[in-house]
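Heads up, the thing below is written out as structure tokens.
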Amino acid sequence: MPPRGWAPCMSLKVAVNGYGTIGKRVADAVRLQKDMTLVGVAKTKPGFEARRAMEKGYPVFLAGDGKKADFDAAGIPTAGTLQELLRSVDVVVDCTPEKVGAANKALYEEAKVAAVWQGGEKASVADRSFSALANYTSCLGARKVRVVSCNTTGLSRAAAVLRERFGVEHWEATLVRRAADPGESKRGPINGILPTMTLPSHHGPDVRTIFPDLPIATSAVVVPTTLMHVHVNHVRLSHPPSSGSDVMAAFRTTPRFVMFRASDRMEGTPQVIEWARDLGRSRNDVMENVLWEEGLKLEGSDLYFFQAIHQESIVVPENIDVLRAMFQLETDPRRSIERTDQALGILRVGA
């Protein structure tokens, strides 16, 4: 339940711990919500991202082994420590690197603050995993929630559509994963395709933290690109429609999906990113699942479709919706999704 003394009419006070690829996007998204206030962000080291936070007027706090002298030398004033930040907020969104978030759990518990983690952490870090289209209502009033990873978010959104409308008898997905984010220079491969030798991959079990009974099996390969992931899906439907157009309609009418037509000349992920640039999206973000009409086919009960997932941004709207669910700012998932999407400008335009 929300903290004692907190009321839905109050603006939710939010801290973001970690201001990197996900954290800076979540911080910007929180600032755009009328029912939330960004109190501050936490960083361990100064750099261009910390400087940009300062330029945006976000109070910067010291996290972990961060040293005030290092920030002072870089000309970035600090507002205090992470512990001090936690004392002034209702909830912290942990966007720190993988495994660091789990180590922070004791700190959040000591501060008696609600917490949200990202999908890089194991599901056991929180009481529940979250995907807005799938299990919003089950997270109402929760205090410790994990927003699942980019790939799991994409699969869970698609599952929310297919499972409800057509039923899923079996699902096999191959994930073609990007090797690194655009800003990373120390990861590879530079020239190669690397199979993930764990079979099935961890993504299927992670989807089942959202849909425990979903019969899904996943495998993955890593390829030398930074733009997006692509999922190759084969789903056997329990109650298939008469044509693939019915499946297309189901995706088209669901929030956070974009389906392109052949006439859009959207050949692959480079054009998707260019589309986001042309729309003026911040950081070229694509927070929707991206599908193609010609990349979806129904043969009897077997559905085949591709979807592309922008790993840097797809979980951002989920991080906003989970806050509304936890503090019951909105009990209806559709209304929360609509409010979030309006604020972030992801209203399925241009497709």
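Rundown of residues vs (1) within 29 Å of ASP321 (Cβ to Cβ); (2) modelled with pLDDT of 95 or more; (3) surrounded by fewer than 21 Cβ atoms within 10 Å (Cβ to Cβ); (4) not aliphatic (A, V, I, L, M), yes/no style:
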position: SER185; (1), (2), (3), (4): no, no, yes, yes
position: PRO189; (1), (2), (3), (4): no, no, yes, yes
position: HIS203; (1), (2), (3), (4): yes, yes, no, yes
position: ALA217; (1), (2), (3), (4): yes, yes, yes, no
position: PRO240; (1), (2), (3), (4): no, yes, yes, yes
position: THR269; (1), (2), (3), (4): yes, yes, no, yes
If we scan segment 219-228, do we find a residue that is part of a helix (DSSP H, G or I) and surrounded by fewer than 17 Cβ atoms within 10 Å (Cβ to Cβ)? no
So which of ARG283, ARG187, ARG277 ends up being in a helix (DSSP H, G or I), more than 25 Å from SER131 (Cβ to Cβ) and either out of contact with any His (no Cβ under 9 Å at 6 or more places or on another chain) or of a type in the set (Val, Ile, Thr) (or both)? ARG277
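Residue check: is HIS234 in a loop (DSSP other than H, G, I, E, B) and either without any contact (Cβ under 8 Å) to a residue 40 or more places away in the chain or more than 29 Å from ARG187 (Cβ to Cβ) (or both)?
Values: in a loop (DSSP other than H, G, I, E, B): no; either without any contact (Cβ under 8 Å) to a residue 40 or more places away in the chain or more than 29 Å from ARG187 (Cβ to Cβ) (or both): yes.
Spelling it out, it is not the case that HIS234 is in a loop (DSSP other than H, G, I, E, B) and either without any contact (Cβ under 8 Å) to a residue 40 or more places away in the chain or more than 29 Å from ARG187 (Cβ to Cβ) (or both).
So, in segment 255-306, how many residues would count as being hydroxyl-bearing (Ser, Thr, Tyr), without any contact (Cβ under 8 Å) to a residue 60 or more places away in the chain and closer than 19 Å to THR226 by Cβ?
Restricting attention to segment 255-306, the residues satisfying the condition of being hydroxyl-bearing (Ser, Thr, Tyr) are 263, 269, 282, 301, 304.
Cutting the leftovers down to without any contact (Cβ under 8 Å) to a residue 60 or more places away in the chain gives us 263, 269.
Cutting the leftovers down to closer than 19 Å to THR226 by Cβ gives us 269.
Qualifying residue count for the region: 1.
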Among the residues of segment 117-148, write down those that are at negative phi, surrounded by fewer than 22 Cβ atoms within 10 Å (Cβ to Cβ) and either assigned to a loop (DSSP other than H, G, I, E, B) or among the charged types (D, E, K, R) (or both). GLY120, LYS122, ASP127, ARG128, LEU140, ALA142, ARG143, LYS144
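Assigned to a loop (DSSP other than H, G, I, E, B) and farther than 30 Å from VAL14 by Cβ: does that describe LEU162? Lay out the reasoning, then the answer.
On the way: assigned to a loop (DSSP other than H, G, I, E, B): no; farther than 30 Å from VAL14 by Cβ: yes.
Criteria not met by LEU162.
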Do we have ASP70 as within 22 Å of THR153 (Cβ to Cβ) and among the acidic types (Asp, Glu) here? no
I'd like to know if segment 311-323 contains one or more residues that are within 28 Å of ARG236 (Cβ to Cβ), assigned to a strand (DSSP E or B) and modelled with pLDDT of 95 or more. no
Where in segment 1-112 are the strands (runs of 3 or more DSSP E), entirely inside, with at least 2 residues that are among the β-branched types (Val, Ile, Thr) and surrounded by fewer than 15 Cβ atoms within 10 Å (Cβ to Cβ)? none
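The values are calculated or read from the model by the stated rules, or taken from the named source; none is laboratory data. All of these numbers come straight from a predicted model, not from anything done at the bench. Here Cβ is always computed from backbone atoms with ideal geometry, including for glycine, and neighbour counts include all displayed protein chains.
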